[in-house]
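One structure is given below, represented as structure tokens, and several questions about it will come after.
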Amino acid sequence: MGHERLGILPRTKPWKRIVDELAGSDLPKEKIENVASQTIQNVRSRFSQISEDSGVIAAFKSLVALSVSAQLINPLEFLADSGMEIGTNASPYYLAKAISKFVSTHMDSREYGEIALSAAVDAISAWHEKNRQQLLLFESANTSFDTWRGTSNGAGFCEISRLFFSKTVERYMNYFLERVLSSSAKNIDERDALNKRLGEHIEVTSRHAFETAKITQSFAAGWFNKYANKTLPADEDIKDFLRIAFGKLREELWREEKT
């Protein structure tokens with residue numbers, strides 16, 4: 001477990017083509033390739049140590065705790081015992097508040113911690129939006145926690161964890177892409193035009209990040225089924241998982257850069 005190779009994963013658009021479309025006619029081909037390569041290199045560099053950060057571990061641990069709690073009769077009590085007191089309302093808003101408080105007490109690096117926190121909050125919001133709609137089709141009445149029951153097994157956990165990793169990739173890709181594009185612009189007007197296009201095409205990098213994060217899914221499912229059966233894994237086990245998952249993402253980004 002953790003070393004399965006999936007081969008070349010499909011992409012809606014390769015990264016260099018995305019950068020080319022964002023830059024339009026403002027940058028020559030050699031600069032396009034440099035921007036695409038430098039962005040990926042910067043993200044890969046960040047991912048080399050990210051699994052060691054206590055804020056990142058805490059952010060991901062909050063998602064693991066949510067999924068473990070979904071296996072139990074009294075999930076809200078389990079979450080409170082795990083450091084995430086949300087009262088009786090398990091809406092994304094109250095979960096986000098509890099996760100924010102939990103992560104803020106464990107931050108090492110402000111950068112790593114805040115990006116991981118935002119990724120975790122984005123993940124629960126996206127999960128809730130998708131699965132709440134599905135519940136409404138079949139249930140007329142349900143508790144505020146019912147939406148989260150689907151995260152209680154490996155299949156559900158690997159989906160919400162993929163959202164976490166994709167949002168982490170997305171935020172770093174956009175951050176470094178904006179910086180590298182800005183430094184490549186000849187003047188302020190060109191820089192502003194590039195940044196405007198980046199904002200208008202944010203969903204393209206979002207899709208690319210989601211496709212990149214697919215490489216973590218099968219590993220996440222197997223890990224959860226092994227380590228998270230009605231109990232919260234130890235921090236060291238979560239840290240080891242993150243080390244392997246971010247390692248997989250680094251390998252996938254390296255492959256993308258060389259394609």
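Each value in this text was obtained by applying a stated rule to the coordinates, not by laboratory testing. All figures in this text were calculated on a predicted structure; none of them were measured in a lab. Ideal geometry is used to build each Cβ from the backbone, glycine not excepted, and the neighbour counts take in all protein chains shown.
Taking the Cα centroid of region 236-253 and of region 62-104, what is the distance between the two, rounded to the nearest whole Å?
24 Å
Which lysines have a Cα less than 18 Å from the Cα of LYS97, not counting those fewer than 8 places away in the same chain?
LYS61
In region 15-258, what is the volume of the convex hull around the alpha carbon atoms, normalised per residue and reported in Å³?
Measuring per residue, one finds 126 Å³ for the Cα hull of region 15-258.
If you take the beta carbon distance between ASP240 and LYS130 as r and set R0 to 35 Å, what does 1/(1 + (r/R0)^6) give as a FRET efficiency, to the nearest 0.05?
In this case the efficiency is close to 0.75.
Still on this structure, I have one more. For ALA155 and GLU178, what is the calculated FRET efficiency with R₀ set at 30 Å and r taken between the beta-carbons, to the nearest 0.05?
With a Förster radius of 30 Å, E is 0.25.
Across region 221-237, in residue order, what do the Karplus-derived ³J(HN,Hα) couplings come to in whole Hz, using 6.51 cos²θ - 1.76 cosθ + 1.60 with θ = phi - 60° and x for Gly and Pro?
4, x, 4, 5, 4, 7, 9, 10, 8, 6, 8, 7, x, 5, 4, 5, 5
Same structure, new question: Under a crude label model (7 Å from the Cα following the beta-carbon direction), how far is LYS258 from THR231 in nanometres?
Between LYS258 and THR231, the label points sit 4.1 nm apart.
Separate question: Highest mean first, what order results for 107-118, 227-238, 212-223 on Cβ atoms within 10 Å?
Ranking the peptides 107-118, 227-238, 212-223 by packing returns 212-223, 107-118, 227-238.
Another question, then. Contour minus end-to-end for LEU72 and ASP189, with contour as 0.36 nm per residue of separation and end-to-end as the Cα-Cα distance?
Here the segment from LEU72 to ASP189 would lengthen by 36.5 nm.
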